[in-house]
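Structure record follows, encoded as structure tokens.
The values are calculated or read from the model by the stated rules, or taken from the named source; none is laboratory data. Remember, it's a predicted structure, so these values are computed and weren't measured experimentally. Virtual Cβ from ideal backbone geometry, glycine too; neighbours counted across all protein chains shown.
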Amino acid sequence: MVAQIRRAKRPLIVSHRNPDPDSLGSALGLASILEACGAAPVLAVDQPENIDPVMASIPGTARFRALTADVLSAPPNGRPFDILFSVDTASIDLLSPDEGVRSALRAIRPIVNIDHHVTNERYGDVNYVVSDAAAAAEVIWMLLSTLGGGISRDGAIALQAGLVADTLGFQTKETGPRTLRAAAGLHALGGVTSDIPRRVLNVRTFEASRLLGAALAAAVRSKDGQIVWTQVSARMAADVGARIADAQGIPNALQDIADVEAVAVFYEMDAARTRVSLRSRQARIDGVAATFGGGGHALAAGATLAEPLDVATEQVLARLGEELSGK
Ligand SMILES: [Mn+2]
């Protein structure tokens with residue numbers, strides 16, 4: 001793998017759709033490492049114009065181009081891409097809703113798949129998947145130690161943002177000695193500013209704050225008290241001037257409710273599609289997400305169902321209830 005990466009001069013680095021700070025930060029950190037190796041990477045993501053303004057404070061976010069057939073057929077640097085890096089992405093389907101784009105991505109060789117999701121589909125020619133890593137940023141840090149070279153201060157800040165966000169400030173179960181060593185290493189490189197960790201963890205826009213309030217007010221607790229769930233309808237978002245994309249912090253807020261084992265948040269994408277985010281304290285819920293064609297981590301997973309909001313809610317809650325009661 002190391003030789004292939006060192007040889008590549010024109011890498012394309014892609015993050016998943018609806019990118020979170022870990023996918024953006026990992027991609028930017030990787031770009032900086034490849035630049036130190038003499039390459040000229042291009043960064044791309046589906047609909048970069050929809051990146052949450054809070055995340056846009058991660059340095060370099062403006063470098064992301066729209067992941068479209070145009071970028072793939074006419075690379076911005078004028079020469080074809082000679083390697084594709086996909087970061088924080090369990091399945092190639094999560095990169096783009098457009099099949100044409102996905103097949104153009106598959107045509108780039110080699111594909112290097114760098115991830116930490118247990119459900120990763122190993123779609124790369126090289127799969128650097130460390131499923132016990134707390135963040136893709138931690139895997140990029142491991143890659144840096146393998147490759148040598150270096151990383152810029154902005155690259156370190158971007159990785160730190162990913163590490164802090166995916167570990168919720170070093171609180172998740174996956175946070176281990178290696179995660180903390182990565183954090184210490186990034187700190188030494190200047191990768192900590194007082195503001196970025198606070199921004200990625202706590203700061204949300206006014207509209208997103210109101211949407212969080214509405215979603216919390218609408219929360220329902222199951223009879224046995226194990227599950228708390230809520231729905232974010234298009235109407236609810238419109239009422240507070242928010243978009244569904246502003247709903248990212250809701251699962252974590254529900255998880256802070258005392259004595260809850262699992263939480264589910266249902267987002268109305270449109271009249272026929274619902275996305276669900278699942279979180280749990282102890283019980284594995286990635287299998288529940290997989291039932292509906294999704295995936296993720298043992299304790300944090302999600303799926304998109306081709307069902308209206310209420311139907312999807314009923315189906316997922318039934319399956320989640322069975323999972324928690326060990327059926
Ligand atoms: Mn991640």
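In the set Arg210, Arg122, which member is in a loop (DSSP other than H, G, I, E, B) and at pLDDT 95 or above? Reasoning before the result, please.
Numbers: Arg210 fails: in a loop (DSSP other than H, G, I, E, B).
Answer to the check: Arg122.
Can you tell me which of Gly190, Gly241 is free of Cβ contacts under 8 Å to residues at least 60 places away in the same chain, at positive phi, part of a loop (DSSP other than H, G, I, E, B) and outside the structural domain of Cys37 (by TED's automatic domain parsing)?
Residue meeting the stated conditions: Gly241.
If a residue must be touching a Leu at 6+ places or on another chain (Cβ under 6 Å) and within 16 Å of the ligand (Cβ to nearest atom), how many such residues does the range 96-137 contain?
2
Has the range 13-28 got any residue that is more than 16 Å from the ligand (Cβ to nearest atom), crowded, with 23+ Cβ neighbours inside 10 Å and either over 23 Å from Ala165 (Cα atoms) or of a type outside the set (Lys, Arg) (or both)?
So far as the range 13-28 goes, no, none of its residues is more than 16 Å from the ligand (Cβ to nearest atom), crowded, with 23+ Cβ neighbours inside 10 Å and either over 23 Å from Ala165 (Cα atoms) or of a type outside the set (Lys, Arg) (or both).
Given the condition surrounded by fewer than 21 Cβ atoms within 10 Å (Cβ to Cβ) and either closer than 19 Å to Ala135 by Cα or among the hydroxyl-bearing types (Ser, Thr, Tyr) (or both), answer yes or no: does some residue in the range 309-317 qualify?
The answer is no, given that none of the residues of the range 309-317 is surrounded by fewer than 21 Cβ atoms within 10 Å (Cβ to Cβ) and either closer than 19 Å to Ala135 by Cα or among the hydroxyl-bearing types (Ser, Thr, Tyr) (or both).
Somewhere in the range 87-108, is a residue among the polar types (S, T, N, Q), touching a Gly at 6+ places or on another chain (Cβ under 9 Å), over 22 Å from Ala40 (Cα atoms) and crowded, with 17+ Cβ neighbours inside 10 Å?
Yes: one or more hits.
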